Structures are given as structure tokens and as C-alpha cells.
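Just so you know, all these numbers are worked out from the coordinates, no wet-lab data involved. Just so we're clear, the structure is a prediction, and the values are computed from it rather than from any experiment. Glycine gets a Cβ as well: all are built from the backbone with ideal geometry, and neighbour counts include every protein chain shown.
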Amino acid sequence: MIPEPVKVVFVQYAVQGLLALVVMLILRKFFRQYRNDFFDYWSWSWLALFVNMIGSCVALANAFLLPLDHPVRLFVSFITVVAGFLQILWLYAGTREISRTKEINRKYLRAITILIIPISLLLVALNYNDPDAGEFRIFYRVGIRSLVAGLLFIVCSKMLWKIAKTGIGIRFILFSFIAYGLLQINYFVVVLSPVSLLPYNGEIPYYMGAVDILLQALMGLGMIISVLEIEQHNLKKANTELDTFLYRSSHDLRSPLTTISGIISAIRHADDDEKVKEYLVAIEDRVLQADNVIRDIITLRKAQKEDLAISEVTLEKEIKAEFSTLLDPNIAQPKLTIYGDENLTLHTDPTRLHTILTNILGNSIRYHDGKSDAEINVKITPAEDGLKLEISDNGAGIDKKHLPKIFDMFYRASKSSNGTGLGLYLVKDAIDHMEGSIEVSSQKGKGTTFSIYLPNLK
């Protein structure tokens, strides 16, 4: 006969599993739509919690149906312990991504994932067939996981504290993380006391699973609200960019047309052939200016609509090819030097890589400030799951006050610039689509360095 408290705990585990499955499916849908890594990690975390809870249900039933050392009972315990640790690991990874604390090192993440397997095997194997060691088995299989969970939930809440003002969803998650972390630490102390000399008289009432359900529901609700808040923020940003785009593009297209109209009027009254030729050159310059705006608009529109098309490229070969197409043989150009393994390859989107290289190298060539010793140095180094590019020049440089805005749409750091103001915006947009990152450092009159991380998109 199964005791009533055990039945209640069984139902609580089942409800937690069902809740985890629902939240996981919602977050997977958001991940497929928005491709944010924290949705991916968090959805896997909820899937692991689902496996952990269902495994706990089966383990609870096995305690009354199977002998202590039965292989099925041991296997279920092993899967449950593994899932419990993976749930914490992936939750930490997702929280680190959304809090922008530091980019997660996927190599270390895989190493820890693999390490969880032998650790879980050891915890399940300890005292597995000793009928008098039930309290020790609970400590090994539940207590240690509760301690790790409690500490990591507190660490995650500390990371979220930095972005708590970004929305109510993050605040829900923050509160639930703190409460859940403290609850898990209490679970650890409770199961530790029988196997140690710790004078702690606390206990875990059989209805405490209801508190777990409440906090997990609050976590799931917070994550879903965060998704909606992020989408609302992105929508506002898109509307602002659309307004800016319509105003600036119409202005940048109308300006050369107005100038051309004035020049044509002047041509009608000109009686000097040389003067007419000067006017025609000016018209050609304005036509090219309008054409550059149109081409950048087309590039931007295509980049926003097209999915990634992945193929393998050799970075040094691509850089040299892009540089050669940008050179003007009629004027002095900077010297290009590439450092790094010439055979380094990357699985990436060639079209977006072309956008990045064309605009950054183009700017380095365009603004080399007339120096006779002008140089562009490119350093290619392997990075975690990808490559890092450092593109440096000794050109005109960018004033520090302009650096925070250089990736904004239509922003020009110099009034003398004849660009469209879309180049670096297109660079940032392309890198974001490829899940990379870009940083810039510059000194006025001394040059600029762009540091770009591009992941392998396999």
C-alpha cells in the first residue's frame, strides 16, 4: 500500500513535469522565431527539468515495485540525476546570455556536460545495494544536486540583478531564482543532517512540492513575459529605424536630384565647353551618390529578408579579393598586411561576409588621410567555435565622442564624409545575423581598429 504523502509527492512531480514541458515548448517556438541563444539554453533547461520530474515519478514508483539493486531502478536514477544537473547548467548558460555578463564558452559547456555523466554514475553507484543506507543515497542523488542548484540559482540572480530594470519579466525571474535557490540550499541542509553531525532539525514537508511548482510557474511566466518585452523593444526599435530610414533615405536621394536640377539649369546658360564638362562631371558625381544610397538600401533590404546561406570560406583569400576590388589604380593606396594562418577557414554566409569586409576595408582605404605610409593590418586568429578578425589602419581615425553611434543608421562621424551613413550599420546588422560580435577602438589622427568575432555556422 502506497502511503498518502507519497501519492501527493508523485502528483507534485507530475505537475512540475507537465509545467516544464509546456514552458519548454513555448520557449522552443520563440527560439525558432527569434534565434536568441538564451531561448535555446532555457528551453533545454526546461526539457531537462521535465525529464528529471518524470524520472522522479518513476523512481518513486520503483521504490515500491523493484528491489534496491534492480538495473531498471538504477538506470532511472542515473537519468534523473543527469537531467537534474543539466537543467541547472543550461539555466545558467541561458541566464549568462540574456544578462550579457560574458559570452558563454561553448567548449567549456560541452566539457562540463560530458563530465556530468561520470559524476552522476558515481553518485548513483554509492551505497546502491545497502538497505540501511537510504539517507546516504538521498544525500548523494538529491542533496548534492540541491546544493549545486541553490548556489547556481543565486549566481544567476546576481547576473539578472544588473538588468532588473529592463522589464517586469526579468524581475519575476530574479525573485523566483532567489527564492528557489534558498529553497534548494535548505533541501541540501535537510538531507545532509542525517548523514552528518549537523544539529539541524528542519524537515521537508511532503507538500513542499507545491512551493516548487509555484516558483517554477513564476520562472516560466517571467521568461515568457521577457520574450514579449524583448519583442516589444525590438518593434519600437524597428519603428524608430523605419522612421529614420524613410526620412534620411528620401533626403539623401532628393539632395543630389535637387543639385542636378540646378546644374542642368546652369548648363542651359553656359557658353563655355569646358564649363559644361565641369557641370557634367558634377552631375555624374551626384548620380553616383544617389546610386550608392540606392545600392545600400537594396543591400539592407536583402540582408533583412534573406536567411543565412552557409558555405566554407578561406578568410585570407576573401580579404585579399575584397581589397583588390576596392583599390583605385590611379591614386596611392594603403598597404595590406595579413597575419595568421593563410589556410584558416570558416563556415559562414559569404554574402554577409562580403558586406562586412567591403565596408570596413573600404572605410580604411577611403579615410587613409593621404598618408604615404598608409597601412591596413588584418590579424586572423582562431576563437571559440569560430575566428577573430582585427582590422587596423593608421588613417584619419574617429573622435571618441562618435564611437558609441557609428553603428547607427545613417550616422556620419564626419561632415566631410561622402558616404551614405549606412555602411557600418550594414556591418553590424550582418554580424548580428551571424551571431557574432564587433568592437571598435580609435584615436583621432592615429587610426582605427575593428575587432570582429565570427562563429562557425555549421
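With a/c under 1.5 counting as rounded, go ahead and sort the stretch 105-224 into rounded, prolate or oblate using the C-alpha gyration tensor (a ≥ b ≥ c being the square roots of the eigenvalues; past the cut-off, prolate if a/b is larger than b/c, else oblate).
oblate
I'd like the orientation of helix 144-161 relative to the chain: the angle between its Cα long axis and the longest Cα principal axis, in ° from 0 to 90, rounded to 10.
Once rounded, one gets 30 degrees.
Under a 5 Å amide H to amide H cut-off, with H placed in plane at 1.01 Å, what residues pair with Leu457 once short-range neighbours are removed?
His347, Thr348
DSSP loop (so not H, G, I, E, B), at most 16 other Cβ within 10 Å: list which trypsin sites (Lys or Arg not before Pro) in the stretch 23-60 pass both filters.
Listed in order of number, the matching sites are Arg35.
May I ask for the angle, rounded to the nearest 10°, between helix 423-433 and the longest principal axis of the chain, with both axes built from Cα atoms and the value confined to 0 to 90°?
The two axes meet at around 20 degrees.
Counting helices only, and only those DSSP H runs with n ≥ 4, report the 222 nm mean residue ellipticity of the chain as the sum of -39,500 (n - 2.57) divided by its residues, in deg cm²/dmol to the nearest 500.
When only DSSP H runs of four or more count, the value is -22500 deg cm²/dmol.
Out of the DSSP beta bridges found with both residues in the chain, what percent are antiparallel (nearest 5)?
Approximately 85 percent, going by the DSSP bridge assignments.
Near the amide H of Gly447, under 5 Å away, which other amide H atoms are found, from residues 5 or more places off or on another chain, if H is placed in the peptide plane?
Distant-sequence amide H within range of Gly447: Gly395, Gly397, Ile398.
Please give the charge dipole size of the chain, origin at the Cα centre, charges +1 on K and R Cβ atoms and -1 on D and E Cβ atoms. Round to the nearest 20 debye.
940 debye
Once you keep just the Cα pairs under 8 angstrom separated by 6 or more residues, what percentage relative contact order results for the stretch 63-127?
With pairs under 8 Å counted, the relative contact order is 40 percent.
Could you tell me how many degrees, from 0 to 90 and to the nearest 10, lie between the Cα long axis of helix 168-192 and the main elongation axis, the longest principal axis, of the Cα atoms of the chain?
For helix 168-192, the angle is close to 30 degrees.
Putting +1 on Lys and Arg Cβ atoms and -1 on Asp and Glu Cβ atoms, find which of Thr113, Ser226, Ser176 reaches farthest to the positive end of the dipole of the stretch 4-233.
Ser226
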